[in-house]
1. Kindly list, by first and then second residue, each pair from a residue in the stretch 25-50 that is under 14 Å from Leu81 (Cα atoms) to a residue that is modelled with pLDDT of 90 or more and in a loop (DSSP other than H, G, I, E, B), limited to pairs with Cβ atoms under 6 Å and residues at least 6 apart or on different chains.
2. Which strands (runs of 3 or more DSSP E) does the stretch 42-90 wholly contain that include 2 or more residues that are at positive phi and not charged (D, E, K, R)?
Amino acid sequence: MHNQSKNVINCCDIRKEARPSMESIIIDKRFCGPADSANGGYVCGLLAGHIDGSAEITLRLPPPLGQRLGIVASADGAVELRENDRILATGRAVPLHVPEIPVVTFSEAKDAVRRTPYDEGVTRRFVQNCTLNQTDAVGGDDA
């Protein structure tokens, strides 16, 4: 009988323990929302960038500016923004379901603008120095 053991490669199933990976970031003060914390939309986008596909981000505490924070990714694809042991935000992959958006005419859109209680003159500078409220940004367009 022919011994085929020379052709068999014995392998062991080496599985690494799922360890979270961590990246360190500092959010510059120019990305403020309220004066003492980062803009929520900016932080959500930053965290979503660490998730494959569509993401759901939940802000749990105001993220501080100018301090070293950790973005911790777990083996299941979830992420956390941490300041030491405090969890500031969490994120996870979610399927994106976009409903059909109804089409409106130009006159219907103009009528909706006329009926809105939003007044740009009053609310435009609600949060001073907020990245999203700057009208004098490079390029000159309102954010």
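1. Going by the 6 Å Cβ cut-off, the qualifying pairs are Ile27/Leu65; Ser37/Pro62; Ser37/Pro63; Ala38/Ile27; Ala38/Pro63; Ala38/Leu65; Val43/Pro63.
2. Of the strands (runs of 3 or more DSSP E) lying wholly inside the stretch 42-90, none has at least 2 residues that are at positive phi and not charged (D, E, K, R).
The values are calculated or read from the model by the stated rules, or taken from the named source; none is laboratory data. Computed from a prediction, not measured in an experiment: that's the story for all the values here. All Cβ positions, even for glycine, are placed from backbone atoms using ideal geometry, and neighbour counts span all protein chains on display.
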